[in-house]
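Worksheet: the structure to be examined is printed underneath.
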Number of protein chains: 2
Amino acid sequence: MTRQIASPSNPLIKEIRKLRNKKERENSGNFYVEGIRAVGEALSTRQTIKNIIYCQELLESDFGNQLISDLPDDFVGLIEVTAEVFDSFSLKEGPQGLAAVVHQSWASLEDVTADRGMWVALESIQDPGNLGTILRSLDATGGKGAIMLGQSTDPYHPSAVRASTGAIFSQKLIRTDLRSFQEWKSRTGYPLVGTYCGDVTPYRDYNYPQDLIILMGSEQKGLQDEHLSLCDDLVTIPMNGSVDSLNVSVAASIVLFEIYDQKGRAG
Amino acid sequence: MTRQIASPSNPLIKEIRKLRNKKERENSGNFYVEGIRAVGEALSTRQTIKNIIYCQELLESDFGNQLISDLPDDFVGLIEVTAEVFDSFSLKEGPQGLAAVVHQSWASLEDVTADRGMWVALESIQDPGNLGTILRSLDATGGKGAIMLGQSTDPYHPSAVRASTGAIFSQKLIRTDLRSFQEWKSRTGYPLVGTYCGDVTPYRDYNYPQDLIILMGSEQKGLQDEHLSLCDDLVTIPMNGSVDSLNVSVAASIVLFEIYDQKGRAG
């Protein structure tokens, strides 16, 4: 049976709002996702969903209503709320009236070796929007997931989740430190290609292996010596202009789409 | 002579903080830019600079100090502030102690015809970070500027300025409405290529003209019929995955880098 909540200070609603804080996400192991498409993606990829929250007044979409009515009878986490309550935790300007609390899912480096393909490794990525955008581009190019090295932002940060537009559910996520990554790389020999601003192979002239990790430096510092020495090869994105660098999500996407194109041409 | 300001409630400092609001930016015709690189870019591209604000305590960079000492003697807008004052308007976590108030610069569609080359037109772009990132990629690929159609976000929004990493000064900016754009397009015949999610030419199979405008739809809706009918041609970015769309700044950048690559191959 569906519970209906009309008070923004209901403890469950408070918990949902708290998921904006990293500490609360870490403690609960959950995160918040909003929007019909994203909730649909959570369902279709069979995530562990704690709650689905909807507001009948706001939920105008047929597809959104269908998602609710198609929920299995034994799903106990469905919550109906008033528009006022929905607005109290919504992160959108024109909320669609559908959100979910989903259990975080983490993979390990062993999953890279088990599920070979195209991955991106990110050194200390700071901006959650950039991280989400990279997940979205990974999804669009058939990638497997992202490996976050060092002090990275949280992929379950609301801005990362939103920027991923659902790719948070299709892409595997791994957190590790450089030392563990080094150890794993030297043990497995998994191909690692770094993107570098310097006199190395232009990214379109490089023949990418079928399985590989693209390593991106941080927004501030790019790749450091300890990363460069790990890479099997380095590629660069030639450019001109006065700025002489790219947004990290743009740079990652440009390389991902080159690899995607090469794969297509290879059949 | 340099004025030194030690109070965050000084009227001039209040004015700087107010530039966070679009209305204040519109009224004053100015915007705020922060960081050594961005201020250096404002100087080297000979912008109309109202104020340069520095904090000696925070300004550790030699290059930053050089910028200050290289200012012409007749520049009257130099202001020294305390760290407390700088923090009161700074938008960065670790401020570098250098900022500027710069006069906004706007171009018109006639400037496109006068300064032919590669431009991007954006229908109702909403996210200032996306807009700034597109300017950054335009700069990196030798583009001329951005044409904002409809209800677009402000390129002088602090998030757009920051994401542009200085390209706000190298790229021309045009605001107009669809009707004026239609009229100008039919009068000049300037080549217009739209990016479209559908069964049209893949972006890598298209032979881009030397001078052109790439038209991007809004984050929410993509290109509408009234845009499509304006375009000489449409290209699409093939992709797979569950998300089936890209961040607008990523999509624009991927097409820009394809054009940049084609130009390079053509010599």
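Read-outs: derived from the displayed coordinates by stated rules, not from any lab. All of these numbers come straight from a predicted model, not from anything done at the bench. When we count neighbours, we look across all protein chains shown, and the Cβ atoms used for this are built from the backbone with ideal geometry, even at glycine.
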Query - the protein assembly as shown - share of DSSP beta bridges that are antiparallel (%, nearest 5) - result: 25
Query raised in the report: What's the percent breakdown of Cα-Cα distances in the protein assembly as shown across 20 Å bins, shortest bin first?
Result: 21, 51, 28, 1
Report task. For the stretch B:142-221, just say rounded, prolate or oblate: build the C-alpha gyration tensor, square-root its eigenvalues into a ≥ b ≥ c, call rounded for a/c under 1.5, and beyond that prolate if a/b exceeds b/c, oblate if not. Result -> prolate
Query raised in the report: A:LEU215: net charge of surrounding residues, Cβ under 12 Å, Lys/Arg +1, Asp/Glu -1, itself excluded?
Result: -3
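Take every DSSP beta bridge whose two residues both sit in the stretch A:1-112, then give the antiparallel share in percent to the nearest 5.
So the antiparallel bridges amount to about 60 percent of the total.
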Requested in this report: Under a 10 Å cutoff between Cα atoms, tell me which one of A:ARG25, A:ARG136, A:ARG204 has the largest fluctuation in the Gaussian network model of chain A.
Outcome: A:ARG204
**Report entry** Proximal charge balance of B:ALA42 [Cβ under 11 Å; K/R count +1, D/E count -1]
**Finding:** +1
Query raised in the report: If we count other beta carbons within 10 Å of each Cβ, what is the order of B:CYS197, B:CYS231, fewest first?
Result: B:CYS197, B:CYS231
Report summary line: Sorted shortest first, the nm distances from the A:LYS263 label point (7 Å along Cα→Cβ) to its counterparts in the other copies are 3.0
Report summary line: Rounded to a whole number, the mean other protein chain Cβ count within 10 angstrom for residues of B:246-255 is 6
Query - Summed side-chain charge close to B:ASP111 - residues other than B:ASP111 whose Cβ falls under 14 Å, Lys, Arg +1, Asp, Glu -1 - result: +1
Query raised in the report: How many nanometers, to one decimal and shortest first, lie between the label point of A:GLY29 and those of its other copies, if labels sit 7 Å from Cα toward Cβ?
Result: 6.1
Query raised in the report: Just from its helices, what would the mean residue ellipticity at 222 nm be for the protein assembly as shown, if runs of 4 or more DSSP H residues each count -39500 (n - 2.57) and the sum is divided by every residue, rounded to the nearest 500 deg cm²/dmol?
Result: -10500 deg cm²/dmol
Requested in this report: Once the label point is placed 7 Å from Cα along Cβ, list for A:SER186 the distances to the corresponding points in the other copies, in nm, shortest first.
Outcome: 6.9
Query - Translational diffusion of the stretch A:1-102, µm² s⁻¹ [Kirkwood Rh, Cα pairs; Stokes-Einstein; 37 °C; 0.692 mPa s] - result: 242
Query raised in the report: Which whole DSSP H helices in chain B pass both tests: a Cα extent of 24 Å or more along the axis and a mean Kyte-Doolittle value no lower than 0.5?
Result: B:248-265
Query raised in the report: Among B:TYR190, A:ALA160, A:PHE86, which residue has its Cα positioned farthest towards the positive end of the charge dipole of the protein assembly as shown, with +1 placed on the Cβ of Lys and Arg, -1 on the Cβ of Asp and Glu, and the dipole taken about the Cα centre?
Result: A:PHE86
Query raised in the report: Sorted by mean Cβ packing within 10 Å, highest first, what order do the peptides A:96-104, A:80-88 take?
Result: A:96-104, A:80-88
